[in-house]
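A short worksheet on the structure shown next.
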Amino acid sequence: MYQPVSKASVHAFYEDALRQGHSTAENLQAATSERFNTLLESIDDQAPRTALDLGYGAGNYTLALARAGFRVVAVDQVPCTWLLRRIGSAGEWAHRIEPRRCLAEDFAIEEDFGVIVAKDVLHYLDRHNVESLLRRAVAQAHGANHHYLEVFTSITRRSPSGQPLRIEGEADYQPDAFQRVIEEIYDGWDLTFHWSDHAEQDSRTGRTCFEATRATVIATNPAA
């Protein structure tokens with residue numbers, strides 16, 4: 001039997017962690033991944049120089065995109081204050097970042113983004129919202145677009161006492177079901193999947209509190 005966890009409490013947890021600069025068990029402050037860095041370096045001038053970072057968190061992917069010359073719309077449910085403070089007057093690229101306070105599932109994708117990043121956010125949404133959001137993104141993609149997704153599947157959460165937990169309304173994909181969804185939505189795109197085991201420990205008890213299979217998807221639209 002699962003103990004339900006409200007989405008409101010999850011939102012409050014991340015807002016507090018970001019306000020205090022805590023990295024948390026999942027390492028919110030981690031640098032951009034090598035796979036993302038390799039993708040970013042490979043993008044040529046055919047891609048629209050616009051980017052969308054859904055669930056930007058500490059802002060590392062947003063900053064990397066802006067430094068690479070993209071105008072970045074950065075979306076998260078937390079206040080924009082911390083990202084704006086971090087950007088400050090950080091250089092000629094700072095003006096390229098446009099923070100928006102909004103839930104990822106409520107953001108209306110209405111332009112052709114050359115790059116879309118959704119890291120560690122989609123699995124919190126219900127399946128309808130995940131698939132609707134990605135379909136909207138694909139429908140607006142008319143150039144040489146690149147989507148970078150990191151999504152947890154096969155999730156197991158436990159409380160400090162070992163009680164199984166489940167966040168209300170989360171997607172709860174299994175790896176094969178998630179891959180089928182991505183292949184259907186991104187029909188005609190070039191797709192690369194990477195799968196890895198992931199675990200996090202509770203800092204108070206040392207027990208494993210989160211286990212999952214992380215899916216990293218790189219989708220490239222060959223249309224130009």
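Could you sort the peptides 16-25, 120-129 by per-residue average Cβ neighbour count (10 Å cutoff), highest mean leading? Show your work: numbers first, answer last.
On the way: 16-25: 13.7, 120-129: 19.6.
Taking the mean over residues of other Cβ atoms within 10 Å, the ranking is 120-129, 16-25.
If r is the Cβ-Cβ distance from R19 to S42 and R0 is 35 Å, what FRET efficiency results, to the nearest 0.05?
Values: r = 35 Å, r/R0 = 1.01.
Efficiency, rounded to the nearest 0.05: 0.50.
If you put +1 on each Lys and Arg Cβ and -1 on each Asp and Glu Cβ, how big is the dipole of region 34-108 around its Cα centre, in Debye rounded to 20?
On the way: 9 positive and 10 negative charges, 61 e Å.
Value, rounded to 20: 300 debye.
Expressed as cubic angstrom per residue, what is the convex hull volume of the alpha carbon set of the chain? Write out the running numbers ahead of the final one.
Working: hull volume 26.1 nm³, N = 224.
Normalising the Cα hull of the chain by residue number yields 116 Å³.
Quick one: Karplus J couplings for region 2-8, per residue in order, coefficients 6.51, -1.76, 1.60, θ = phi - 60°, nearest Hz, x for Gly and Pro?
8, 8, x, 10, 6, 5, 4
How far is helix 127-139 tilted, in degrees, relative to the longest principal axis of the Cα atoms in the chain, given as a value from 0 to 90 rounded to the nearest 10?
With both axes taken from Cα atoms, the answer is about 10 degrees.
Report the relative contact order of the chain, percent, no decimals, based on alpha-carbon pairs under 8 angstrom and at least 6 residues apart.
Numbers: 417 pairs, mean separation 46.5, N = 224.
21 percent.
Taking the Cα centre of each part, how many Å lie between region 119-154 and region 167-224?
First find each Cα centre; the distance between them is then 10 Å.
Throughout, read-outs are computed from the coordinates displayed, never taken from laboratory work. This one's a predicted model, so the numbers in the text were calculated from it and none came from an experiment. FYI the Cβ positions are ideal-geometry reconstructions off the backbone, even for glycines, and counts take in every protein chain you see.
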